[in-house]
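One structure is given below, encoded as structure tokens.
The values are calculated or read from the model by the stated rules, or taken from the named source; none is laboratory data. Quick caveat: nothing in here was measured; it's all calculated off a predicted structure. No Cβ is skipped: glycine too gets one built from the backbone with ideal geometry, and neighbour counts run over all protein chains shown.
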Amino acid sequence: MNDVKLSRSSLRTTELPAYPGIALADVSLVVSDEQADAALMALLGADVIGFDTESKPTFLKGEVSTGPHLIQLATETRAYLFPISWTPGHAVLKTILESPLVLKVGFGLGNDRAVLRSRLGIEVHNLIDMGEVLRGPGHRGTVGAKVAVAHFFGQKLQKHKRIGTSNWASRRLTAQQLLYAANDAQVALRVYRVWRETRETQEAQGETLNPPTQGLD
């Protein structure tokens, strides 16, 4: 674990090497039965997977979101992006997300569970929001992926607002969108792994298990 301890505000002015992220070659946009079968096998074979969703933003007052428009699931080596517009993928998503045997981890999941239930009939089981887990006692809000990456890896996660607020309902997602979405899911898995290693080391040494990100906001 890295010794860097940063707040959201200080992170903006701190010089850190860039978080490398996943390669585009390791990102699969699932839009065929063959791709869905491969994703199902890989994801159900994992003990833990990264999880996130993306939605087309709303700009008008009173406008109701029709998202999520993309669901991202990641293993240690690959990310699988499921456009909701490809209906055959819903059955695969349901199998994976409802499995009690696969832990799903993400950041800032908010009402994702409720939205997936109401809009896709998917009841997500075994889900952890790392933003809630890492915030520690006495902290308001949640720890974001940027702060977690700085703390655990000593690196800076690039999350461009222009991409984050782009049209995720588009049938032709750009390479930048694919990487942004894939990293959102996989970085949660990587943070979870190092967090678990930290806890296991502390337990083995008989240390008090204080939250490893205590002091972050």
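The set of residues in the range 22-31 being in a loop (DSSP other than H, G, I, E, B), surrounded by fewer than 19 Cβ atoms within 10 Å (Cβ to Cβ) and touching a residue at least 40 places away in the same chain (Cβ under 8 Å) consists of 31 alone. Every test in (1) at pLDDT 95 or above; (2) farther than 18 Å from residue 182 by Cβ; (3) touching a Leu at 6+ places or on another chain (Cβ under 9 Å) is passed by residue 23 save one, and that test is (2).
Can you run down the residue pairs with Cβ atoms below 6 Å, 6 or more apart or on separate chains, where the first is in the range 152-175 and closer than 17 Å to residue 187 by Cα and the partner is among the hydrophobic types (A, V, I, L, M, F, W, C) and outside any loop (DSSP other than H, G, I, E, B)? Here the result reads 152/191; 152/194; 155/149; 156/18; 157/145; 157/149, each pair linking the range 152-175 to a residue that is among the hydrophobic types (A, V, I, L, M, F, W, C) and outside any loop (DSSP other than H, G, I, E, B). Which number in (1) of a type outside the set (A, V, I, L, M, F, W, C); (2) crowded, with 16+ Cβ neighbours inside 10 Å; (3) more than 25 Å from residue 21 (Cα to Cα) marks the one condition that residue 87 misses? So residue 87 meets the others, but not (2).
Among the residues of the range 106-124, not a single one is at pLDDT below 95, of a type in the set (Lys, Arg), under 18 Å from the mean Cα position of the chain (by Cα) and not in a helix (DSSP H, G or I). Going by the conditions given, is residue 34 farther than 19 Å from residue 161 by Cα, modelled with pLDDT under 90 and not in a strand (DSSP E or B)? It is false that residue 34 is farther than 19 Å from residue 161 by Cα, modelled with pLDDT under 90 and not in a strand (DSSP E or B). Does at least one position in the range 89-107 carry a residue that is within 23 Å of residue 32 (Cβ to Cβ) and among the basic types (Lys, Arg)? Within the range 89-107, one or more residues are within 23 Å of residue 32 (Cβ to Cβ) and among the basic types (Lys, Arg).
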